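Asker: This is the structure, below, for whatever I ask next.
The values are calculated or read from the model by the stated rules, or taken from the named source; none is laboratory data. A quick note: this is a predicted structure, and the numbers were derived from the prediction, not measured. Note: ideal-geometry Cβ built from the backbone for every residue, glycine included; neighbour counts use all protein chains shown. What goes into the accessible areas is simple: the full protein's heavy atoms, side chains included, and nothing from ligands, DNA or RNA. Shrake-Rupley method; radii C 1.70, N 1.55, O 1.52, S 1.80 Å.
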Amino acid sequence: MNSLVSTSHLQLAAFALGTIGWILCTVSMGIVEWRVWHVDNTTVISSGIAWVGIWKVCFISYLYVSPGYREQFCHKFSGYDSFIPHEIYAAQGLLLIAMFMGLLGLAATIFALRNVYMGVTHKPLIAPFFLVGGFFYISAGLCVLIPVSWNFYSVTHNQSIAFPPSYYMPSSPAAQEAGAAIPVGIVAVILLLLSGTFSLSYRFPMTANTIMKS
């Protein structure tokens, strides 16, 4: 058992990193600040700043409330909205896939670590599950990397979105910058890829006892 535990320290670290990466992936999916738009017309968008997420767009407005008060208005995207750019659709789908794959990676790693610390020396109950967990971690990391990179590219090139009038949003901002969701997503990518690399690096200790049982 001691040899099994001593060879799985990286995999324990992989589980910790994968857990944090999966949580950050989930957090980035819920944050509305993927793109921060700065607008010139403050008639409706009173603060001059709007937040464009992958599920909705929000801004602060004083128009319909008493002076001295403010209210955040949000418009949720519909699956039938044709104006939504491809990178936002991709982020919606790929982040959901990443969340699911991350869960599978965590489940496989937990099962393998349980066997290690329970003293199970049967190789097919440990090594393959670390490898499967590593595959899912890396797949999840790539699924986060694509939308994060794509949306960051759109931000740096100040790309516009043809919002309909009901959104009270201009078709293009005066300027825009990356919101909090993008750096959170980048950290999630790094942690998930590291976790996958650590999991895939596992080597089952080949002692005389374990060779007989494998």
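Asker: Give segment 173-192 a look and list any residue that's more than 18 Å from the chain's Cα centre (by Cα) and either under 21 Å from PRO147 (Cβ atoms) or surrounded by 21 or more Cβ atoms within 10 Å (Cβ to Cβ) (or both), or say none.
Answerer: PRO173, GLN176, GLU177 - these are the residues of segment 173-192 that are more than 18 Å from the chain's Cα centre (by Cα) and either under 21 Å from PRO147 (Cβ atoms) or surrounded by 21 or more Cβ atoms within 10 Å (Cβ to Cβ) (or both).
Asker: Counting just the residues of segment 198-214 that are open to solvent by 60 Å² or more (accessible area, probe 1.4 Å) and modelled with pLDDT under 85, which one comes out nearest to VAL132 (Cα to Cα)? Steps first, please.
Answerer: Taking segment 198-214 first, the residues open to solvent by 60 Å² or more (accessible area, probe 1.4 Å) are 200, 203, 206, 208-209, 211-214.
Within this subset, residues satisfying the condition of being modelled with pLDDT under 85 are 203, 206, 208-209, 211-214.
Working: ARG203: 14, MET206: 20, ALA208: 26, ASN209: 25, ILE211: 22, MET212: 24, LYS213: 21, SER214: 18 Å.
Going through the qualifying residues, I end up with ARG203.
Asker: Name, by its number, the condition in (1) in contact (Cβ under 8 Å) with a residue 40 or more places away in the chain; (2) farther than 15 Å from PHE83 by Cα; (3) of a type in the set (Ser, Thr, Tyr); (4) open to solvent by 60 Å² or more (accessible area, probe 1.4 Å) that does not hold for THR156.
Answerer: The one condition THR156 does not meet is (1).
Asker: Related question: Report every pair of residues separated by at least 6 positions or lying on different chains whose Cβ atoms are under 8 Å apart, first residue within segment 42-58 and within 14 Å of MET29 (Cβ to Cβ), second of a type in the set (Lys, Arg) and surrounded by fewer than 18 Cβ atoms within 10 Å (Cβ to Cβ).
Answerer: TRP55/LYS76; LYS56/LYS76
Asker: Taking the conditions exactly as written (open to solvent by 40 Å² or more (accessible area, probe 1.4 Å) and either modelled with pLDDT of 95 or more or small (Gly, Ala, Ser) (or both)), does SER195 satisfy them or not? Explain how you work it out, then say what you get.
Answerer: On the way: open to solvent by 40 Å² or more (accessible area, probe 1.4 Å): no; either modelled with pLDDT of 95 or more or small (Gly, Ala, Ser) (or both): yes.
For SER195, the condition - open to solvent by 40 Å² or more (accessible area, probe 1.4 Å) and either modelled with pLDDT of 95 or more or small (Gly, Ala, Ser) (or both) - is not met.
Asker: Residue check, SER166 against (1) of a type in the set (S, T, N, Q); (2) under 26 Å from the mean Cα position of the chain (by Cα); (3) open to solvent by 10 Å² or more (accessible area, probe 1.4 Å), all met but one. Which one?
Answerer: Result: SER166 passes all but (2).
Asker: Let me ask something else. For segment 50-60, state whether one or more residues are at pLDDT 90 or above, outside any loop (DSSP other than H, G, I, E, B), open to solvent by less than 10 Å² (accessible area, probe 1.4 Å) and basic (Lys, Arg).
Answerer: No, there is no match, as no residue in segment 50-60 is at pLDDT 90 or above, outside any loop (DSSP other than H, G, I, E, B), open to solvent by less than 10 Å² (accessible area, probe 1.4 Å) and basic (Lys, Arg).
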